[in-house]
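Peer 1: This is the structure I have questions about; it appears just below.
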Amino acid sequence: MAERTAFDELIDAASRLTALMERENAMLAAHDTGGIKALQDEKLALTRAYTTGVREIRKDPARLIAVTQAVRTEVKKVLLRFDEVAKRNEVALKAARDVNERVLKAIVDAANAQVPRVTGYSRTGGMAKPYGSAARVAAPPPVAVRQFA
């Protein structure tokens, strides 16, 4: 009976983790970051339960021989579905990370474009600092000079 319990726990953990990843995939597609964040504690607990279940079964391969064909078939079916959803989840997470990195790069590039570029050297031989930078005095105000003949 103990072997059946280990398989039941694995099937339950894998099924619940699969359902959670399907919800997470839908939230990723909808850009629902709050919903995704809310799932993380449950996802971590289910991942640990799944990992523990796999580890327990692998510790004693004789358990596979002791279970019925129906249980083996059910485990295989659940794990194939889990693998399929996990791959889609990986792709969705990678896509979300790539989008975030591109947005962050665009922000950094826009901020850097606003920083004045200085080429040359200062009186002391170091790289010159632009007016208005923290290392220099404030930028002088623009001045218009009128010349009369």
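Yes/no matrix, rows are residues, columns are (1) under 30 Å from V103 (Cβ atoms); (2) free of Cβ contacts under 8 Å to residues at least 40 places away in the same chain:
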site	(1), (2)
F7	no, no
N25	yes, no
A30	yes, yes
T33	yes, yes
K43	yes, yes
G53	no, no
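Peer 1: Looking at N112, N89, which is the one that is over 18 Å from the mean Cα position of the chain (by Cα) and either more than 20 Å from R16 (Cβ to Cβ) or not aromatic (F, W, Y) (or both)?
Peer 2: Values: N89 fails: over 18 Å from the mean Cα position of the chain (by Cα).
Going through N112, N89 in turn, just one is over 18 Å from the mean Cα position of the chain (by Cα) and either more than 20 Å from R16 (Cβ to Cβ) or not aromatic (F, W, Y) (or both): N112.
Peer 1: Right, another one. At pLDDT 90 or above and either under 28 Å from A14 (Cα atoms) or not in a helix (DSSP H, G or I) (or both): does that describe T119?
Peer 2: Values: at pLDDT 90 or above: no; either under 28 Å from A14 (Cα atoms) or not in a helix (DSSP H, G or I) (or both): yes.
When the stated conditions are applied, T119 does not pass them.
Every residue, every condition in (1) of a type in the set (G, A, S); (2) assigned to a helix (DSSP H, G or I); (3) out of contact with any Lys or Arg (no Cβ under 7 Å at 6 or more places or on another chain), yes or no:
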| residue | (1), (2), (3) |
| --- | --- |
| D8 | no, yes, yes |
| A13 | yes, yes, yes |
| T18 | no, yes, no |
| N25 | no, yes, no |
| G34 | yes, yes, yes |
| L39 | no, yes, no |
| E42 | no, yes, yes |
| R48 | no, yes, yes |
| V54 | no, yes, yes |
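Peer 1: State all residues of segment 85-117 that are touching an Asp or Glu at 6+ places or on another chain (Cβ under 7 Å) and among the aliphatic types (A, V, I, L, M); if no residue qualifies, say none.
Peer 2: Kept after step one, since they are touching an Asp or Glu at 6+ places or on another chain (Cβ under 7 Å), are these residues of segment 85-117: 85, 89.
Correct list: V85 only.
Peer 1: Kindly list the number of the only condition in (1) charged (D, E, K, R); (2) touching a helix residue (DSSP H, G or I) at 6+ places or on another chain (Cβ under 9 Å); (3) surrounded by fewer than 14 Cβ atoms within 10 Å (Cβ to Cβ) that fails for R58.
Peer 2: (2)
Peer 1: Can you spot a residue in segment 61-71 that is loosely packed, with under 10 Cβ neighbours inside 10 Å, at pLDDT 85 or above and either in a helix (DSSP H, G or I) or touching a Phe, Trp or Tyr at 6+ places or on another chain (Cβ under 8 Å) (or both)?
Peer 2: Keep residues of segment 61-71 that are loosely packed, with under 10 Cβ neighbours inside 10 Å, which gives 61-62, 65, 69-70.
With at pLDDT 85 or above added as a condition, the list becomes 69-70.
Add one more test, that the residue is either in a helix (DSSP H, G or I) or touching a Phe, Trp or Tyr at 6+ places or on another chain (Cβ under 8 Å) (or both), and what stays is 69-70.
The answer is yes, given that some residue of segment 61-71 is loosely packed, with under 10 Cβ neighbours inside 10 Å, at pLDDT 85 or above and either in a helix (DSSP H, G or I) or touching a Phe, Trp or Tyr at 6+ places or on another chain (Cβ under 8 Å) (or both).
The values are calculated or read from the model by the stated rules, or taken from the named source; none is laboratory data. Fair warning: this is a prediction, and the values are worked out from it, not measured in the lab. Here Cβ is always computed from backbone atoms with ideal geometry, including for glycine, and neighbour counts include all displayed protein chains.
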